[in-house]
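In what follows, a structure is listed as C-alpha cells, so that the remarks can point back to it.
What follows draws every value from the coordinates through simple rules; no lab data is involved. None of these values were measured; they are calculated from a predicted model. Neighbour counts run over all protein chains shown; Cβ positions are idealised from the backbone, glycine included.
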Amino acid sequence: MSPSGAEVIRQIKSQIDEVDPSEVDGAASNGNGSRPVLIDVRESEEWDAGHIPGAKHVPRGYLESRIEGAVPDRSQRVVLYCASGNRSALAAHTLQELMGYENVESMTGGITLWKDRGYDVEVPQSLSKEQRERYSRHLLVPEIGLEGQTKLLQAKVLLLGAGGLGSPTALYLAAAGVGTLGIVDDDEVDLSNLQRQVIHTTEGIGTPKVDSAERAIAAINPDVDVVKYQTRLDATNVMEIIDGYDVIVDGVDNFPTRYLLNDATVRLDIPVVSASILGFDGQLSVFKPHDGPCYRCLYPVPPPAELAPSCGANGVLGVLPGTMGLLQATEVVKLVTGAGEPLVGRLLLYEALGATFTELKVRRDPECPVCSKDPSEISDEEMGVFPDYEAFCAAAG
Ligand SMILES: [Zn+2]
C-alpha cells in the first residue's frame, strides 16, 4: 500500500535537518559571517503578503531551475521556509538529495510560527495586476524592480514650470509612475509655446498651463496625482510650496527665482535637478544640499544680464528642451530609486549643433553664503537675495 501524503512528509522530515525560528532570527542578526541564506519557497501571492526581511524568493515550483541563481555555492548554509514547514521540508530534501546542497535546513512552523513569535515581517507594497503590466519594463531592470517602482509611486516631485523643460519631464515622469507631480506655473498656453512645450496642444491655447498639463498627465497615467500651483514662485510662497517634496525639477528661466529656490532648498535639504537652455546650448546639474555644491557655489554672482533668457524673448531650438528635460527626468528617477550616480558636483554641457557633451567638475565653495551654513541659520532675510531684477535686465540693454 502506498504511503499517505502525511506519511511521506513525516519520512522526509526525518531525513533532513530542521531549525527553530529563534535560531534563524539569532543567526540573521549576529552578523558574524555565518549567516544562512534564507529562501522563501512559497508562491508569489504569499511572498507579496509578507516575508522575512532579507529572504530570497524561490517558489518551490521553480526550485531546481532557480536555486543556483540564488545560492551558487553548494556548501553555503541555506534555510528554507514556507507557511508551516511542510513545503520547505520537501524542498530541503530535493536540494540535499538531488542537487548536492550540503548544508540545508527547513524552518519548523514556517512563517506562521515566525510571526507568532513576534519576529519581523516585511510587507512589500504590492502592485495591482494593471500596475504590474504598466510598469513591467521597469520591473525587469534590477536597478529599479519592484522596490524602485514602489519608491517612484510613493515619490513627490515638484516641477517648476510647465514650459519647454517641464513638458517632457512631466510626461515621462508621469509615464514612469511618479505618484505625485506638483506643477508650479502661472502662465497660459500660447501658440508660440507649442514649438517645444509638448505637453500642451493647439486646443489648449488660452487655458492655464497647469490645467493643460494635468489633462495630459491624467490621459497617460491615472496613478499620478497632480497638484497644481497656478502662481509664481516668490519669497512669500516658496517655503510653503516646496516643503514635503522629495525632488524639485527646476525649469525656470530667470536667475532671481533660481537663487531663491536654491536658498530655500538648501534650507529644507531637498535636491534640485536643474537645467537651462539657450539657442542650441543646454546645461544640467543636480544640486544636492551638503552633498555637492549648490547653485550659489556655481554662480556666486548672477551671470551677465545679457545671458539672462527671461529678460526678453530668446530663440531656442524646439527639440533642445526635450533633450535637456529628459536628462532631468532621468536624474529624478535615479535620485528617487537610488540607481546609478546622480549628476552631483558635475555640470553637463550639451551643444546641439556640434553634437557634443562636455562635463565640468564643480566644487562646493567653503565660503558659500548659503550652503556653508547650518540650514537652520539661513534666515528669511537672506533667502533669495538678488539685485533688483528690473535694473538687472535694464542693464543688459
Ligand atoms: Zn553653496
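Apply the Kirkwood formula to segment 5-116: the hydrodynamic radius equals the inverse of the mean of 1/r over all pairs of different alpha-carbon atoms; give it in Å with one decimal.
Value: 13.8 Å, from the Cα pair sum.
Quick one: which of Lys56/Lys156; Lys156/Lys373; Lys151/Lys373; Lys129/Lys334; Lys156/Lys228; Lys115/Lys151 span more than 22 angstrom between C-alpha atoms?
With Cα atoms farther than 22 Å apart: Lys56/Lys156; Lys156/Lys373; Lys151/Lys373; Lys129/Lys334; Lys115/Lys151.
Check Asp225: other-chain or 5+ apart residues with amide H under 5 Å from its amide H, H built from backbone geometry?
Thr180, Leu181
Under the Karplus relation 6.51 cos²θ - 1.76 cosθ + 1.60, θ = phi - 60°, what is the ordered set of whole-Hz ³J(HN,Hα) values for segment 80-85, x standing for Gly and Pro?
Working through the residues one at a time gives 9, 9, 9, 7, 10, x Hz.
Report, by chain and number, residues whose modeled amide H sits under 5 Å from the one on Ile52, excluding near sequence neighbours (fewer than 5 apart, same chain).
HN-HN under 5 Å from Ile52: Glu122.
Sort out for me the Cα centre separation of segment 246-262 from segment 162-237, rounded to whole Å.
Here the two parts' Cα centres lie 16 Å apart.
Between Asp17, Asp281, Asp234, where does the largest GNM mean-square fluctuation fall for the chain, given springs only between Cα atoms within less than 10 Å?
Asp17
Asp116 to Leu278: FRET efficiency via 1/(1 + (r/R0)^6), r the Cβ-Cβ distance, R0 56 Å, to the nearest 0.05?
Calculated transfer efficiency: 0.30.
Can you list the HN-Hα couplings for segment 348-354, worked out from phi with the Karplus curve (6.51, -1.76, 1.60; θ = phi - 60°), rounded to whole Hz and with x for Gly and Pro?
9, 10, 10, 10, 5, 5, x
If R₀ is 51 angstrom, what is the calculated FRET efficiency for the pair Glu367 and Ala175, using the beta carbon separation as r and rounding to 0.05?
Result of the calculation: an efficiency of 0.75.
Using all Cα-Cα distances in segment 57-133, what percent lands in each 5 angstrom bin from 0 up to the longest?
Going from the shortest bin to the longest, the percentages are 3, 14, 21, 20, 17, 13, 8, 3, 0.
Using the Kirkwood formula on the Cα atoms of segment 155-396, what hydrodynamic radius do you get, in angstrom to one decimal?
18.0 Å is the Kirkwood radius here.
Which residue, Leu38, Leu327, Leu278, has the most motion in a Gaussian network model of the chain that connects Cα atoms within less than 10 Å?
Leu38
Assuming 0.36 nm per residue, please report the length gained on full extension of the stretch Val344 to Asn314 beyond their Cα-Cα distance.
So the extension gain works out to 8.0 nm.
For the chain, find the longest principal axis of its Cα atoms and tell me its angle to the long axis of helix 21-30, 0 to 90°, nearest 10.
Tilt of helix 21-30: around 50 degrees.
Using DSSP to call loops (not H, G, I, E or B), can you name the trypsin sites (Lys or Arg not before Pro) in segment 102-169 whose Cβ has at most 13 other Cβ atoms within 10 angstrom?
Those satisfying the criteria are Arg117.
Specify the angular offset, from 0 to 90 degrees and rounded to the nearest 10, of the alpha carbon long axis of helix 5-15 from the longest principal axis of the alpha carbons in the chain.
Rounded to the nearest ten degrees, it is 90.
For segment 132-161, which GluC sites (Glu not before Pro) are in a loop by DSSP, counting at most 16 other Cβ atoms within 10 Å?
When the GluC sites (Glu not before Pro) of segment 132-161 are filtered for loop state and at most 16 Cβ neighbours within 10 Å, Glu143 remain.
Between the helical axis of 145-154 and the dominant principal axis of the chain, each derived from Cα atoms, what acute angle in degrees is found, rounded to the nearest 10?
50 degrees
Given the Cα-Cα distance of Ser2 and Val123 and 0.36 nm per residue of separation, how much length would full extension add, in nm?
39.5 nm
Ranked highest first by the average count of other Cβ atoms within 10 Å around their residues, in what order do 260-270, 349-359 fall?
Those peptides, ordered most packed to least, come out 260-270, 349-359.
Order 223-230, 194-201 from most to least packed using the mean count of other Cβ atoms within 10 Å.
Final packing ranking: 194-201, 223-230.
Beta carbons within 10 angstrom, averaged per residue: use that to sort the peptides 162-172, 97-107, highest first.
Those peptides, ordered most packed to least, come out 162-172, 97-107.
What length, rounded to one decimal in nm, is gained on full extension from Glu359 through to Ser136, with 0.36 nm per residue of separation minus their alpha-carbon distance?
That pair, Glu359 and Ser136, stretches by 77.0 nm at full extension.
If R0 is 41 Å, what FRET efficiency do you get for Met239 and Thr201 from their C-beta distance, rounded to 0.05?
Efficiency, from the Cβ-Cβ distance: 0.75.
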